[in-house]
Amino acid sequence: MAVQHKRRLQQGDCKNAFCQATLSDDKPTIIRPPVGCPLTKAVMFWRLKKSLYRLRHAPCHWFDKIKGILKSMGLRTSPHDPCIFHGSLLPGSAPIYIGLYVDDFCYFSSNPKIESLFEKLLASMCSVNFMGDVSWFLGVSFDWSKSPTGDISVHLNQAAFSQFLVDKHNLTTANKSRRATPYQYGVPVDGVPDIDMPPEARKSLQKKYRSGIGMLTNWLATCTRLDLAPINSFLAAYQNHPSPGHMDAALYIIRYINSTVSHGIRFCSSGQTYCQGYVHHPFSHDTATYDDVIRPLPDQIKELFSYSDACWGP
């Protein structure tokens with residue numbers, strides 16, 4: 001949305017967030033004083049007036065406080081996500097949009113004066129640090145650029161986490177290819193044979209397999225690496241009973257990531273964006289199963305123009 005309005009997302013951080021909330025009197029919080037406190041007798045306890053880190057309800061106290069602050073400005077929460085706030089700070093003014101994650105937040109308005117007003121209001125109600133354009137948020141790198149025509153674009157990627165994933169599986173020295181894809185030719189996931197294994201070996205494989213698929217799903221496929229979503233979805237179906245072949249397919253994806261560490265997703269205010277996908281076609285005897293695509297020459301990679309689970313696209 002920010003790019004659509006030719007604006008750059010701004011970022012802020014609330015200092016010592018879990019210590020800012022004032023505790024209510026109807027639910028007192030009692031703690032034991034630090035050992036050796038010279039001002040407290042042995043039989044005395046403390047009743048907290050403000051929240052502290054490591055309190056079980058500290059996150060809830062903080063969220064209640066920041067939500068109250070934002071609502072006092074006239075903002076309201078999104079019906080789809082309680083951590084997304086939007087609204088107008090002044091009657092008839094351009095709206096402002098805020099995304100909150102614990103004590104970190106990003107925001108934008110089509111009017112820069114509204115952004116400045118928001119910063120002034122928030123700074124008067126809590127301790128906060130404003131850091132300008134978003135460059136790094138929740139593990140995602142933001143690379144902003146502006147064209148000579150005034151259009152704004154941003155490239156989002158998770159290169160650091162992608163490299164961590166490659167290093168974790170000892171594939172840093174694996175061969176790289178500009179033509180790499182996440183799909184291993186001729187080895188469809190649903191065709192991997194089930195192999196009998198001792199229970200302990202299966203349990204060990206299951207743990208390692210789930211860890212790899214979880215990293216792909218939670219941090220890459222659902223965020224900036226949409227090219228991994230289909231194959232990751234296929235592999236996730238075998239988390240309860242994986243075979244060594246499924247683990248090999250997962251490692252093949254990580255080899256692909258090693259060749260495409262800097263890949264991500266781009267948004268541009270000009271609206272000139274595109275998505276490219278690829279598909280490995282099956283063997284000739286599987287033609288009936290894959291009747292929704294036109295078969296190219298053997299081993300040839302074609303740009304995907306139609307999709308099904310069987311095609312391994314895009």
Revision key, fill the gap. If unit charges are put on Cβ atoms (+1 for Lys and Arg, -1 for Asp and Glu) and the dipole of the chain is taken about its Cα centre, the option from ASN129, MET1, GLY92 lying farthest towards the positive end turns out to be ASN129
Revision key, fill the gap. Classified through the alpha carbon gyration tensor (a ≥ b ≥ c as square roots of its eigenvalues; rounded if a/c is under 1.5, else prolate when a/b is larger than b/c, else oblate), segment 2-62 comes out prolate
Check your understanding: Over segment 133-279, what relative contact order in percent results from Cα pairs under 8 Å that are six or more residues apart?
Key -> 38 percent
Practice item. Measure off 7 Å from each Cα along the Cα-to-Cβ vector at ASP248 and LYS67, then give the distance between these two points in nanometres to one decimal. Key: 5.1 nm
**Study point:** Dipole in debye (nearest 20) - the chain, about Cα centre, beta carbon charges: Lys, Arg +1; Asp, Glu -1
**Key:** 1540 debye
Review point. With r defined as the distance between the Cβ atoms of VAL35 and SER147 and R0 fixed at 45 Å, what FRET efficiency is calculated, to the nearest 0.05?
Key: 0.15
Check your understanding: Using the alpha-carbon atoms, what tilt in degrees (0 to 90, nearest 10) does helix 58-72 show relative to the longest principal axis of the chain?
Key -> 80 degrees
**Study point:** Leading residue at positive end of dipole, segment 151-259 (Cβ point charges), from LEU205, ASN170, THR224
**Key:** ASN170
Practice item. Return the FRET efficiency for the residue pair ASN218, LYS120: r is the Cβ-Cβ distance, R0 is 30 Å, and the value is rounded to the nearest 0.05. Key: 0.25
Check your understanding: In a GNM of the chain with a 10 Å cut-off on Cα contacts, which of THR29, THR40, THR77 has the highest mean-square fluctuation?
Key -> THR40
**Study point:** Contour minus Cα-Cα distance for LEU226 and ASP196 (0.36 nm per residue)
**Key:** 7.4 nm
Revision key, fill the gap. Long-range amide H partners of LEU9, meaning residues 5 or more apart or on another chain whose placed amide H is closer than 5 Å, are VAL134
Review point. On a 0 to 90 degree scale, rounded to 10, what angle separates helix 244-259 from the longest Cα axis of the chain?
Key: 70 degrees
**Study point:** Rounded percent of accessible protein surface that carbon and sulfur make up, the chain, 1.4 Å probe
**Key:** 55 percent
**Study point:** Cα-based shape type of segment 45-133, given that a ≥ b ≥ c are square roots of the gyration tensor eigenvalues and the cut on a/c is 1.5
**Key:** prolate
Check your understanding: Where is the GNM fluctuation largest for the chain (alpha-carbon springs, 10 angstrom cutoff): LEU226, LEU235, LEU39?
Key -> LEU39
Review point. Quick one: putting +1 on the C-beta of Lys and Arg, -1 on the C-beta of Asp and Glu, what dipole do you get for segment 55-146 around its Cα centre, in Debye to the nearest 20?
Key: 320 debye
Check your understanding: Which is farthest toward the positive dipole end of segment 1-101 among LEU48, CYS83, GLN11, measuring Cα position about the Cα centre, with Cβ charges +1 (Lys, Arg) and -1 (Asp, Glu)?
Key -> LEU48
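Rounded to the nearest 500, what is the 222 nm mean residue ellipticity of the chain from helices alone, with -39500 (n - 2.57) per DSSP H run of 4+ residues and division by all residues?
-8000 deg cm²/dmol, from helical runs alone.
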Exercise for review: Please find, in a Gaussian network model of the chain (springs between Cα atoms separated by less than 10 Å), the residue of ILE254, ILE96, ILE31 whose mean-square fluctuation is greatest.
Suggested key: ILE31
Practice item. Check each of the chymotrypsin sites (Phe, Trp or Tyr not before Pro) in segment 1-94 and keep only those in coil by DSSP with at most 13 other C-beta atoms within 10 angstrom; list them in order. Key: PHE45, TYR53
Revision key, fill the gap. In terms of the alpha carbon gyration tensor, root eigenvalues a ≥ b ≥ c, rounded if a/c is under 1.5 and otherwise prolate when a/b exceeds b/c or oblate, the chain is oblate
Point to revise | Value of relative contact order over the chain, rounded to a whole percent, pairs C-alpha under 8 Å and six or more apart | key: 17 percent
Point to revise | Using a Förster distance of 35 Å, the FRET efficiency for ALA174-ALA94 (Cβ separation, nearest 0.05) | key: 0.10
Revision key, fill the gap. Those trypsin sites (Lys or Arg not before Pro) from segment 151-243 that are DSSP loop and have at most 10 other Cβ neighbours within 10 Å turn out to be ARG178, ARG179
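The values are calculated or read from the model by the stated rules, or taken from the named source; none is laboratory data. Worth saying up front: this structure is predicted, and the values here are computed from it rather than measured. Glycine also receives a Cβ, built like all others from the backbone with ideal geometry; neighbour counts cover every protein chain displayed. Areas reflect the complete protein model, heavy atoms only, side chains present, ligands, DNA and RNA absent. Shrake-Rupley method; radii C 1.70, N 1.55, O 1.52, S 1.80 Å.
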